[in-house]
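The structure under discussion appears below in the form of structure tokens.
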Ligand SMILES: [Zn+2]
């Protein structure tokens, strides 16, 4: 933790990752198959020291918005 974060608290910013979605043709070539690679994830990250909060509570998110 940086001294700044220690004194004033973390500066949380929203981070999110979308899953990669790709369409592939199957054996028949007439059908499209949806492949989702990974899950949608959301976390908070401190802009200054990079500390992550992987499971922010609604209170954490609210604090990050202010
Ligand atoms: Zn920090």
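The values are calculated or read from the model by the stated rules, or taken from the named source; none is laboratory data. Nothing here was measured: the structure is a model prediction, and the numbers come from that model. Ideal geometry is used to build each Cβ from the backbone, glycine not excepted, and the neighbour counts take in all protein chains shown.
Remarks
- Identity of the residue in region 6-19, in a strand (DSSP E or B) and either more than 16 Å from the ligand (Cβ to nearest atom) or more than 16 Å from the chain's Cα centre (by Cα) (or both), that ends up surrounded by the most Cβ atoms within 10 Å (Cβ to Cβ): 17
- Evaluation of residue 53 against the conditions (1) in contact with a helix residue (DSSP H, G or I) (Cβ under 8 Å, 6 or more places away or on another chain); (2) more than 16 Å from the ligand (Cβ to nearest atom) shows that the sole unmet condition is (2).
- Residue within region 20-37 that is within 15 Å of the ligand (Cβ to nearest atom), at pLDDT 75 or above and not in a helix (DSSP H, G or I) present: no
- Selected residue (criterion: nearest to the chain's Cα centre (by Cα)) from residues of region 20-41 that are surrounded by 10 or more Cβ atoms within 10 Å (Cβ to Cβ) and within 30 Å of residue 59 (Cα to Cα): 41
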